[in-house]
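What follows is a single structure, written as structure tokens, with notes after it.
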Amino acid sequence: MPAAYLDENGDWVKQCSTCKEVQPVAQYYNQTPGASPDGYKPRCRECTKAKYREENARRAKKRRQQTNKLDKIHVDWIREQKGKLSTRATAKAFSKRFFNMKINNSTVSRIFNNIIHTVPDGEDTMSIYDLLEGASDFSGSVEEYIESKDEKKIKF
């Protein structure tokens, strides 16, 4: 870890420990007092930012891998627990039953109240693709056809 020194022009400069460039001390972040002899971090600002960008990208990727979407099996199991267990107990039992997944109490509550993962009423539901295919056979405009269908029965 090279310390800051005066160059031939009389300016304080320091060599970065990562990129090995000699730069003015203004290009370095301050270090905690007593941690370094010159009071500056060993890496320049650009190398420090690059290091943190890399770490944040790695952590974000790991977070994305940990997020699990609920399958029909999970949602059905949660619905079975309604009336048997409380919301909090269901979330705890869920993480024990499906050991690699965790779920928030609020998610369980929203499933219990049919706010998310709702079950459509009846067998006459249609996908958006069926809706568009039917619209092509309709004699009127596409907008009129879509408005004539019940929005609650369309699965997106």
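The values are calculated or read from the model by the stated rules, or taken from the named source; none is laboratory data. Bear in mind that the values here come from a model prediction, so they are computed numbers and not experimental data. Glycine gets a Cβ as well: all are built from the backbone with ideal geometry, and neighbour counts include every protein chain shown. Heavy atoms of the whole protein, side chains included, go into the accessibility calculation; ligands, DNA and RNA do not. Shrake-Rupley method; radii C 1.70, N 1.55, O 1.52, S 1.80 Å.
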Quiz item: So how much slack lies between K51 and A3, counting 0.36 nm per residue of separation and subtracting their Cα-Cα distance, in nm?
Solution: 15.2 nm
Quiz item: For region 9-96, what value does the Rg/Rh ratio take when both radii are computed over Cα atoms and Rh is the Kirkwood radius, given to two decimals?
Solution: 1.43
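Length gain on complete extension for the stretch E144 to N104, per 0.36 nm per residue less the alpha carbon to alpha carbon distance?
Working: separation 40, 0.36 × 40 = 14.40 nm, distance 4.09 nm.
Full extension of this stretch gives 10.3 nm more.
Given a 1.4 Å probe and every protein chain left where it sits, what share in percent of the accessible area of region 14-118 is carbon and sulfur? Kindly include the intermediate steps, with their values, before the conclusion.
On the way: 3740 of 7650 Å².
Carbon-and-sulfur percentage of accessible area, whole number: 49.
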Quiz item: Counting only the heavy atoms of the protein chains, how much of K62 is accessible to a 1.4 Å probe, in Å² to the nearest 10?
Solution: 120
Self-check item: Amide H contacts of M101 (H built 1.01 Å from N, under 5 Å, at least 5 apart or other chain)
Solution: none
Practice problem: Can you tell me the order of 4-15, 98-109 when each peptide is scored by its average per-residue count of other Cβ atoms within 10 angstrom, highest first? | Solution: 98-109, 4-15
Self-check item: Among the listed pairs K51/K102; K69/K92; K62/K102; K20/K61, those beyond 26 Å (Cα-Cα)
Solution: K51/K102; K20/K61
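Enter the accessible area per residue of region 1-95 (Å², integer; probe 1.4 Å; all protein chains in place). Working shown, then result.
Working: 6920 Å² over 95 residues.
Per-residue value: 73 Å².
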Quiz item: Across region 111-116, in residue order, what do the Karplus-derived ³J(HN,Hα) couplings come to in whole Hz, using 6.51 cos²θ - 1.76 cosθ + 1.60 with θ = phi - 60° and x for Gly and Pro?
Solution: 6, 4, 8, 6, 8, 10
Quiz item: Largest first, how would D137, D150 line up by accessible area (1.4 Å probe)?
Solution: D137, D150
